[in-house]
Amino acid sequence: MIYLDNAATSFPKAPGVAEAVGECLEHGAGGPGRSFGAFGAGPARLIFETRERLATLLGWADPTDIVLTSGATYSLNLALYGLLCPGDHVVTTALEHNAVARPLTHLRDRGIEFTRVPCPEGLSPEQEAFRAALRPNTRLIAMVHASNVSGALLPLAEVASLAREAGVPLLVDASQTLGALPVNAARDRPHLLAFTGHKGLLGPAGTGGLFMDPQIDLQPLCRGGTGSRSFSDEQPRDRPDYFESGTPNVPGLAGLGAAVRFVAKRGVEVIRGHERALIERLLTELAGLPGVTVYGPRRAEERAGLIALNVGELDPAEVGLRLERDYGIITRCGFHCAPWAHESLGTLERGAVRLSVSPFTTESETEQAVRALAEIAARAG
Ligand SMILES: Cc1ncc(COP(=O)(O)O)c(C=O)c1O
């Protein structure tokens, strides 16, 4: 099998992840602070280490500014529902995943408006387009760091600086970038940054988090037991407990800790270099295939590690099926939970086929994918 669906979920996971999850299950893991001895202290230590490693990866000194969640979807919902009030306006982009698009569409019924900065052909907008969309009542800029459809990288540092200048918080969806591209919260200073554990971080599904600037005031999305201040029926205000009610996913977070350790050891710059070289080669070779349409930026440095394409007039589902059945190549076809992005690309009618790489993808695997696509395109033509 050649796995080119890492933008959906990475496979394989980092070395050490399965062992960390297994060890946690075999040796018991109650909720942190909820019992004594190894059952209480072990999970608390594991979770603390994971939080600390994530903070270090983000270049941020205080691990308590990282809220651990079930994934980017929860993190984005926490940020949007925790911050926005009726009468607020949000600037967002036409490349957002449904994890942002659906909450914003739902929040419209509560009197919260949004403006989508256009992204024709799936390309990144300039900083000035964000500035032009600001209104006096803009309460948030919500921007994906890299589109999971066109692959376009958006200008995080520039938009963060605009947000600070305008006094409007910036929420970044780094689902496709953390672990795969350098993201430094101390340097770029986004106010909120949502990430997932199961893509570029190479960890288990059902893990992720939200980086939160300490100056940002958010309402929690859910309240309950935190294992702290248990004598009180009021939600403790201490961070991150304020946002982390209920027994955490200790095995998943232990796995995420092992994954982040691997990513940090290999080095995000090295991972980025590897993936960029694969994408550059793919872009060059796919451009030479008659009948294949590649969407998004032309240059690898303007992209994350993924490419969406179509073959002639073929249904993308048919292409995905042939790749898997005839060549053992796993891709993702359809709409990638991102109808706005497909609308920007002009592919809302039929979707696209997406190829996405990881630190473990080899050049021989991407070569085989190109050859397979060439044969499918030749037969279709
Ligand atoms: C850009 C983007 N945002 C959000 C998500 C949702 O992430 P999660 O699976 O962690 O909820 C994804 C993953 O599909 C994504 O690609």
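The values are calculated or read from the model by the stated rules, or taken from the named source; none is laboratory data. Because the structure is a prediction, the values reported are computed rather than measured. Cβ: placed from backbone, ideal geometry, glycine included. Neighbour counts: every protein chain shown.
Any idea which of (1) in contact (Cβ under 8 Å) with a residue 60 or more places away in the chain; (2) more than 13 Å from the ligand (Cβ to nearest atom); (3) more than 18 Å from ASP88 (Cα to Cα) is the one ARG116 doesn't satisfy?
(3)
Test LEU95 against the stated conditions and say whether it is under 21 Å from the mean Cα position of the chain (by Cα), over 23 Å from ALA304 (Cα atoms) and either crowded, with 16+ Cβ neighbours inside 10 Å or away from the ligand (no atom under 16 Å from the Cβ) (or both). Lay out the reasoning, then the answer.
Details: under 21 Å from the mean Cα position of the chain (by Cα): yes; over 23 Å from ALA304 (Cα atoms): no; either crowded, with 16+ Cβ neighbours inside 10 Å or away from the ligand (no atom under 16 Å from the Cβ) (or both): yes.
Taking the combined requirement at face value, the residue does not satisfy it.
Does region 149-159 contain any residue that is within 16 Å of the ligand (Cβ to nearest atom), without any contact (Cβ under 8 Å) to a residue 60 or more places away in the chain, among the hydrophobic types (A, V, I, L, M, F, W, C) and not in a helix (DSSP H, G or I)?
So far as region 149-159 goes, no, none of its residues is within 16 Å of the ligand (Cβ to nearest atom), without any contact (Cβ under 8 Å) to a residue 60 or more places away in the chain, among the hydrophobic types (A, V, I, L, M, F, W, C) and not in a helix (DSSP H, G or I).
Only one residue in ARG261, ARG272 is of a type in the set (Lys, Arg) and either within 28 Å of HIS342 (Cα to Cα) or in contact with a Phe, Trp or Tyr (Cβ under 8 Å, 6 or more places away or on another chain) (or both), so which one is that? Please lay out each step first, then the result.
On the way: ARG261 fails: either within 28 Å of HIS342 (Cα to Cα) or in contact with a Phe, Trp or Tyr (Cβ under 8 Å, 6 or more places away or on another chain) (or both).
Among ARG261, ARG272, only ARG272 is of a type in the set (Lys, Arg) and either within 28 Å of HIS342 (Cα to Cα) or in contact with a Phe, Trp or Tyr (Cβ under 8 Å, 6 or more places away or on another chain) (or both).
Can you list residue pairs whose Cβ atoms sit under 8 Å apart, with the first residue in region 54-82 being touching a residue at least 24 places away in the same chain (Cβ under 8 Å) and more than 9 Å from the ligand (Cβ to nearest atom) and the second being in a loop (DSSP other than H, G, I, E, B) and among the polar types (S, T, N, Q)? Count only pairs 6 or more apart in sequence or on different chains.
Filtered contacts from region 54-82: LEU58/ASN184; GLY59/ASN184; LEU68/THR207; TYR81/GLN219; GLY82/GLN219.
How do the pairs read when you match residues in region 200-213 that are within 12 Å of PRO240 (Cα to Cα) and at pLDDT 95 or above with residues anywhere that are surrounded by fewer than 24 Cβ atoms within 10 Å (Cβ to Cβ) and of a type in the set (Phe, Trp, Tyr), using Cβ under 7 Å and keeping only pairs 6 or more apart or on different chains?
PHE211/TRP60
Would you confirm, using the coordinates I've provided, whether ALA308 is crowded, with 24+ Cβ neighbours inside 10 Å and at negative phi?
Considered against the rule, which asks whether it is crowded, with 24+ Cβ neighbours inside 10 Å and at negative phi, ALA308 comes out as yes.
Return only the number of the condition from (1) within 16 Å of the ligand (Cβ to nearest atom); (2) more than 19 Å from the chain's Cα centre (by Cα); (3) under 30 Å from VAL168 (Cα atoms); (4) not aromatic (Phe, Trp, Tyr) that LEU201 does not satisfy.
(2)
Which of the residues belonging to region 57-97 are closer than 21 Å to LEU201 by Cβ and among the polar types (S, T, N, Q)?
The answer is THR64, THR69, SER70, THR73, SER75, ASN77.
Hey, among the residues in region 16-42 that are modelled with pLDDT of 90 or more and either surrounded by 15 or more Cβ atoms within 10 Å (Cβ to Cβ) or at positive phi (or both), which one's nearest to the chain's Cα centre (by Cα)? Steps first, answer last, please.
In the first step, residues of region 16-42 are kept if they are modelled with pLDDT of 90 or more; the result is 16-25.
Adding the requirement that they be either surrounded by 15 or more Cβ atoms within 10 Å (Cβ to Cβ) or at positive phi (or both) leaves 16-17, 20-21, 23-24.
Numbers: GLY16: 22, VAL17: 19, ALA20: 23, VAL21: 22, GLU23: 27, CYS24: 26 Å.
Applying the filter and picking the extreme gives VAL17.
Being at pLDDT 95 or above and loosely packed, with under 14 Cβ neighbours inside 10 Å is the filter here, so list the residues in region 266-289 that pass it. Lay out the reasoning, then the answer.
Of all residues in region 266-289, those at pLDDT 95 or above come to 266-287, 289.
Within region 266-289, GLY267, GLU269, VAL270, GLY273, THR284, ALA287 meet the criteria.
Which condition does GLY252 not pass, out of (1) within 26 Å of PRO155 (Cβ to Cβ); (2) touching a residue at least 40 places away in the same chain (Cβ under 8 Å), if it passes all the others?
Looking at each condition in turn, GLY252 falls short on (1).
Sort out for me the helices (runs of 4 or more DSSP H) sitting completely within region 37-148 that have 1 or more residues that are β-branched (Val, Ile, Thr). Full working, then the answer.
Details: elements: 37-57, 72-83, 98-108, 127-133.
Because the criterion is at least 1 residues that are β-branched (Val, Ile, Thr), the helices (runs of 4 or more DSSP H) in region 37-148 that meet it are 37-57, 72-83, 98-108.
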